[in-house]
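Heads up: the structure comes next, in structure tokens.
The values are calculated or read from the model by the stated rules, or taken from the named source; none is laboratory data. Everything numeric here is computed off the predicted structure, so don't read it as measured data. Positions of Cβ are backbone-derived with ideal geometry, glycine not excepted, and every protein chain shown enters the neighbour counts.
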Amino acid sequence: MIGWYVHHVGLGHSTRAVAIVEHLQGRVTGFGSRPRPVGWTQPWVALDRDDTDPAPDDGADVTAHGTLHWVPRHHRGLITRQARLVEWLHAERPDLVVVDVSVEVAALTRLCGVPVVVVGGPGDRGDRAHTLAYDLADALLAPWPAGTLEAAWPQRWREKTCCVGALSRFDDAEPSPTRPGSRTGRRVLVLWGGGGRSTTAEQVVAARVATPGWEWSERRPGSPGDLWSDLLAADVVVTHAGQNAVAEVAAARRPAVVVAQQRPHAEQEATAGAVASVGAAAGLPRWPAVTEWPRLLDEALERGGEGWAAWNPRDGAARAAAHVDDLAHRLSSSGGAA
């Protein structure tokens with residue numbers, strides 16, 4: 001038995017979990033404060049939210065003096081979710097739990113003697129809380145190509161890290177050949193994520209005005225229509241640097257411009273930089289000046305999308321599942337949680 005915790009902020013954690021779990025050999029139970037993810041076919045345990053009812057006040061010490069990320073004092077949701085998780089661990093005795101992501105869930109699980117696999121995150125993870133989670137993890141799972149976002153990690157983390165490349169729900173779909181576009185009617189698709197945006201609508205309008213001959217459209221979570229079809233129809237995709245969105249653009253092998261949005265730990269800036277370092281797409285730390293857009297779109301079109309193969313080999317979910325299955329077998333048989 002494997003447990004899988006899915007964080008409730010953004011949509012990438014649940015999308016990634018669904019993609020990997022589909023390839024796992026054993027039984028899986030999912031946990032999270034969101035409703036059961038679309039496509040999740042295994043048992044799902046709903047956990048109470050720990051950031052509502054009531055909202056923590058200034059005296060809640062949500063970081064426990066800087067040692068953790070979110071443990072507000074006297075919050076009903078926090079204690080009930082932790083109790084529910086421990087109840088399940090006690091009843092099911094899982095071989096391991098994959099945590100994507102929560103320092104507190106990782107620590108609580110390991111305190112119960114259950115092996116933990118932590119899904120690594122891009123950006124600066126050297127704070128006390130992340131150091132605790134990454135140190136106690138039996139393994140780290142990195143959804144990016146080896147030698148990129150984990151390169152600056154301490155050796156002790158790299159030694160237990162499995163880099164599987166980016167992974168997407170579309171990895172089994174067949175991308176169309178990269179379109180050369182035309183001088184008129186070329187299409188730009190702008191992708192926004194579920195975690196908010198720091199780019200304004202006015203900035204997007206200005207970029208559209210500055211690029212005559214390009215037809216701009218935008219998608220965000222919940223937009224109507226089929227995302228895969230929209231990706232394949234785009235000559236260039238302008239996407240935020242969330243891991244899930246970048247993985248989906250990579251799966252479609254579309255020419256792209258990756259623009260970081262503001263997130264904790266500078267995670268999107270790190271991802272945008274890594275994408276640029278492997279030559280897959282232009283990676284920018286912030287929305288560029290309006291005068292830059294004609295050049296950026298033309299260069300993306302010239303670069304094409306085949307460079308994305310270095311970022312997303314299209315077998316990341318299967319590779320991640322094989323690694324988790326192997327860990328579950330080894331940790332269980334070696335006297336871990338039985």
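List the pairs whose first member sits in the range 209-221 and is surrounded by 14 or more Cβ atoms within 10 Å (Cβ to Cβ), whose second member is of a type in the set (Ser, Thr, Tyr) and modelled with pLDDT under 95, and whose Cβ atoms are under 6 Å apart, counting only residues at least 6 apart or on separate chains? Matching pairs, first to second residue: none at all.
Only residues that are surrounded by fewer than 17 Cβ atoms within 10 Å (Cβ to Cβ) and touching a residue at least 40 places away in the same chain (Cβ under 8 Å) were counted across the range 93-111, and they come to 1.
When Leu141 is tested against the conditions (1) surrounded by fewer than 19 Cβ atoms within 10 Å (Cβ to Cβ); (2) touching a residue at least 40 places away in the same chain (Cβ under 8 Å), the lone failure is (1).
Name the residue that is farthest from Asp172 (Cα to Cα), counting only residues in the range 248-285 that are of a type in the set (S, T, N, Q) and in contact with a helix residue (DSSP H, G or I) (Cβ under 7 Å, 6 or more places away or on another chain).
So the residue we want is Gln261.
Every condition in (1) free of Cβ contacts under 8 Å to residues at least 40 places away in the same chain; (2) out of contact with any helix residue (DSSP H, G or I) (no Cβ under 7 Å at 6 or more places or on another chain) holds for Ala245 except the one numbered (1).
Would you say Ser229 is out of contact with any strand residue (DSSP E or B) (no Cβ under 9 Å at 6 or more places or on another chain), assigned to a loop (DSSP other than H, G, I, E, B), among the hydroxyl-bearing types (Ser, Thr, Tyr) and outside the structural domain of Val21 (by TED's automatic domain parsing)? No.
Take the conditions touching a helix residue (DSSP H, G or I) at 6+ places or on another chain (Cβ under 9 Å), in contact (Cβ under 8 Å) with a residue 12 or more places away in the chain, under 15 Å from Leu301 (Cβ atoms) and not assigned by TED's automatic domain parsing to the domain that holds Arg16 and apply them to Val236. Does it pass? Answer is yes for this residue.
Looking only at the range 204-224, decide whether some residue is within 20 Å of the chain's Cα centre (by Cα), in a loop (DSSP other than H, G, I, E, B) and not assigned by TED's automatic domain parsing to the domain that holds Val275.
no
In this entry, Arg303 is excluded by the filter for residues that are under 27 Å from Ala207 (Cβ atoms), over 18 Å from the mean Cα position of the chain (by Cα), free of Cβ contacts under 8 Å to residues at least 12 places away in the same chain and not assigned by TED's automatic domain parsing to the domain that holds His69. Every test in (1) of a type in the set (A, V, I, L, M, F, W, C); (2) free of Cβ contacts under 8 Å to residues at least 60 places away in the same chain; (3) at negative phi is passed by Ala64 save one, and that test is (3). Would you say Gly304 is on the phi > 0 side of the Ramachandran plot and out of contact with any Cys (no Cβ under 9 Å at 6 or more places or on another chain)? Here the answer is yes, as Gly304 does meet what is asked.
Got a sec? Which of Thr271, Thr291 is among the polar types (S, T, N, Q), modelled with pLDDT of 95 or more and buried (at least 24 other Cβ atoms within 10 Å of the Cβ)?
Details: Thr291 fails: buried (at least 24 other Cβ atoms within 10 Å of the Cβ).
Answer to the selection: Thr271.
Take Val6 and tell me if it is crowded, with 21+ Cβ neighbours inside 10 Å, of a type in the set (A, V, I, L, M) and closer than 25 Å to Gln261 by Cα.
On the way: crowded, with 21+ Cβ neighbours inside 10 Å: yes; of a type in the set (A, V, I, L, M): yes; closer than 25 Å to Gln261 by Cα: yes.
Here the answer is yes, as Val6 does meet what is asked.
As a summary of the residue check, Gly307 satisfies the conditions (1) part of a helix (DSSP H, G or I); (2) closer than 21 Å to Ile20 by Cβ; (3) touching a Lys or Arg at 6+ places or on another chain (Cβ under 9 Å) except for the one numbered (2).
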